[in-house]
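Here the structure is laid out as structure tokens; the discussion comes afterwards.
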Amino acid sequence: MSWIQKYLSEEDFKKIEDTISRVEEDTRGEIVPVIVRRSSAVGHVPLVLTLLLTLIVLVAEFPFSDWLWVTPWVYLWPALVVVFYLISLALSSSKWIQKLLVSEKDELFQVHQRAELEFHKNTVHRTQEGTGVLIFVSVMEKKAVILADEGISKKLPPETWNEVLHPFRERLRKGEWGDGFVQAIENCGKHLKTHFPITSEAKNELKNHLVVKD
């Protein structure tokens, strides 16, 4: 996944892994960081762009409609729509275009949906005491979510994670992705250490690395 190299270096990966291992030495909590390329569905983008381009041309040609909508010029319109669609396919690969044509409300909903999916796919919900925490980032939307399992939620209110998310999002906004993950893991660890300190019977139940997915 070459795209991740734009945001995180090999050194960042190592720092994140070392931070998880170090933090989990003091707590029974299990921290799983996940980063995905995008969460929002963008299959509609080429069609929306095609409609927009067609509409723009229709408006632009209105003064000339008397001769453009007669034979033989009228037969060019199907070909033009096909050309617009091909152009739209090329443009729709742009992350900027994708973000432009997905509403903020849809982004929030789909990022949270993807976070919940990754929470289960990465078995964060299967720790013995319900002490798993997911730190989730979706790159295209530049949004972060923290999900905690049932055991943690009984002791820590949702506002706890807002305190962790605020500086994390600031780091992401500045492009400090690696340091942002490290800081978020350490901050989560402080809360977990207080309520779920390490015991002699505790064992590492989940892998200590950053999960990367498209």
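The values are calculated or read from the model by the stated rules, or taken from the named source; none is laboratory data. The model shown is predicted, which means the values in this text are computed figures rather than measured ones. So basically every Cβ, Gly included, is an ideal-geometry build from the backbone, and we count neighbours across all protein chains shown.
Put simply, of VAL42, VAL36 the only residue that is modelled with pLDDT under 80, surrounded by 12 or more Cβ atoms within 10 Å (Cβ to Cβ) and under 30 Å from VAL133 (Cα atoms) is VAL42. When we screen GLU129, GLU141, GLU163, GLU116 for residues that are of a type in the set (D, E, K, R), outside any helix (DSSP H, G or I) and surrounded by fewer than 18 Cβ atoms within 10 Å (Cβ to Cβ), the only hit is GLU129. Of the residues making up the stretch 82-99, those that are without any contact (Cβ under 8 Å) to a residue 40 or more places away in the chain and either more than 13 Å from LYS142 (Cα to Cα) or not in a helix (DSSP H, G or I) (or both) number 9.
Comparison of GLY180, GLY175, GLY151 shows that the only residue that is touching a helix residue (DSSP H, G or I) at 6+ places or on another chain (Cβ under 6 Å), small (Gly, Ala, Ser) and either in the same structural domain as ASN122 (by TED's automatic domain parsing) or free of Cβ contacts under 8 Å to residues at least 40 places away in the same chain (or both) is GLY180. Taken as a whole, the condition of being β-branched (Val, Ile, Thr) and outside any helix (DSSP H, G or I) applies to ILE35. Residues being in a strand (DSSP E or B) and within 18 Å of GLY180 (Cβ to Cβ) are entirely absent from the stretch 6-28. For ASP66, work out the one condition from (1) in contact with a Gly (Cβ under 9 Å, 6 or more places away or on another chain); (2) at pLDDT below 75; (3) among the acidic types (Asp, Glu) it doesn't fulfil. Every listed condition holds for ASP66 apart from (1).
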